[in-house]
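Everything below concerns the one structure shown next.
Each reported figure results from applying straightforward, stated rules to the coordinates on display, with no laboratory input. Every value quoted in this text rests on a predicted model; they were computed, and no experiment measured them. No Cβ is skipped: glycine too gets one built from the backbone with ideal geometry, and neighbour counts run over all protein chains shown.
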Amino acid sequence: MASLQQVVEQLALAAASFNETVALNGTSPSNTLSGGPFKRLTAITSMLASTSALRDWAFLLVIGSLFEVARRGLSTFWTSLVDAFFITAVFDEDDASYQWILAWLSKQPSWRNIRYVTVATDTVRAVYSEEGYSRRGSISKEPSYMPAESHSYTLWYKSRWMTVTRVSVSNHGGWASKDSLQLRVLSRRQGILGTIIEEAKKDWLETQKDSLTVWVSNSDNVWVPLARQLKRPLSSIVLDPGVREFLVKDVKDFLASKAWYQERGIPFRRGYLLYGVPGSGKTSVIQAIAGELCLNVYVLALSRSGLDDSSLASLLSSLPEQCIVLMEDVDAAFYHGLSREPGSPTATSETGARDRRSSSGESPGKLSLSGILNAIDGIAANEGRILFATTNKYDVLDPALCRPGRMDLRLQFHHASRYQAREVFKRFFASYPTEVTGKDDVAAAEPDVDAPPPLDLASPAKSQGSSSEPSEKSLYSGLCHTSRAPKLSIHELSALADQFAAGVPERQITMAALQGYLMTHKATPFKAVADVSAWVERELAEGHH
């Protein structure tokens, strides 16, 4: 402020001096300034040059400009130098490569000496220890050590110096943030980056060999990992002969036929509709196929709040090329009044099934049938993915959804057959560590002194004069998991399985009900065979089949 006042005072003195000079020469200021543009500019320049403060300001301006030019020049030179000797890669959180790099970093020896990290217990991220990656049979919330936000770390990789920086950027709303990793390697060879990415991908696949990742869509219509689950063995799925093998063979054939589809101009997509009674194994076989083929599962809930036609199309178009999309209970959308066109109420149908799916109004997520169909096989639909849809009520679905091209293979699941009952019994009692010592379950197994006594809540104490039926319904029956079961030979196991299957009626009990019954006799196979007929009668009478 003082400098500005000084400049104003100097200008005033210069103007007064200028007027005095003009008066002494016998001319007026107006005549002097009216002598042409050049003369006016010369006079003004002379006036300003006679001001010492302005000369100091001009000198500082020139010096500051020189410093700024030098700073920008050095910055440009340093950037060019870094670009010439360093390779920089940025990995965004939404991309799969972000997870690859995290798994790769956790394996590097130099990373174990980092002293400032962020600790997370996310089962989706890979964790490396001295024993290797997660062992088969257990996926727990192991701690993983991630780069701390806005910190740079120095590592050595194959005698090359590199830095890792994690950056978190907030969204426009300010309530959420997105992470990214910046990797910078001192190398003139471009191939080193490809080597790192390939190695990171290999390490990530190593962590996924015994598990699969389940993804869901969030409120922002973005796929996020929900959990990592152990792969379910395909042999654990008990279906009618040939059904399981047929499904797996068809999916494998599709994944290997991309060139065949392209040569004939057919969209490289395939849909499967599994329908039938609840508890018949529809979702279980999908999980087993995903594990067998090492494919991640993307669960799409059509009844999710806020899901509309555009967000559904965006979700399906952002899927990776090889994955499984699972639409469970697709009939639920029709029960919520799914309309054929967006925003238009559905017309009342003549049949009872169409009345159920065509009530007026829109679904809670404002989905329309045309929006679903366009997302599945429209012009913007992605290719390479496998769509599995499940439903308990096939008649509710619109025929347009079930036609080939959208649902190429439709497979019905029934109640359990005697073959399935026999096979599931064999799986329950295939091998146990103890030996058979008699026909009775209690005598067949050697007692374990450390194990708690067996629980038998199915046979409460009876009062005198009461009937043989229990006085109240049992909540649980069977032995605890620590109880020992007899070890059956192949001949004995087959004989018991045949007796068990003979007591199960053909196509009247679900596989889920059979499994629940065997869980109550998981250590007593002889008792399971003896009581199966009575249990079936109760199930059929109560309508739980």
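Numerical summary
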| read-out | value |
| --- | --- |
| Sequence ranges 186-195, 295-304, ranked by mean other-Cβ count within 10 angstrom, highest first | 295-304, 186-195 |
| Nitroxide proxy distance, nm - points 7 Å out along Cα→Cβ at Arg188 and Arg264 | 5.4 nm |
| Among Met407, Asn374, Tyr419 the positive-end extreme of the charge dipole of segment 367-437 (Cβ point charges) | Tyr419 |
| Rounded to the nearest 20 debye, dipole of segment 190-231 from Cβ charges on Lys, Arg, Asp, Glu | 160 debye |
| Estimated inter-spin distance, Asp95 and Lys178, nm [label 7 Å along Cα→Cβ] | 1.2 nm |
| Linear extension gain, Ala502 paired with Phe67, 0.36 nm per residue minus alpha-carbon span | 147.1 nm |
| Thr154/Glu206 FRET efficiency (R0 22 Å; Cβ-Cβ; nearest 0.05) | 0.30 |
| Cβ-derived FRET efficiency at R0 35 Å, Ala120 paired with Glu542, nearest 0.05 | 0.15 |
| Highest to lowest packing among 369-379, 252-262, scored as the average C-beta count within 10 Å | 369-379, 252-262 |
| Per-peptide average of other Cβ atoms within 10 Å, ordering 68-76, 520-528, 230-238 highest first | 520-528, 230-238, 68-76 |
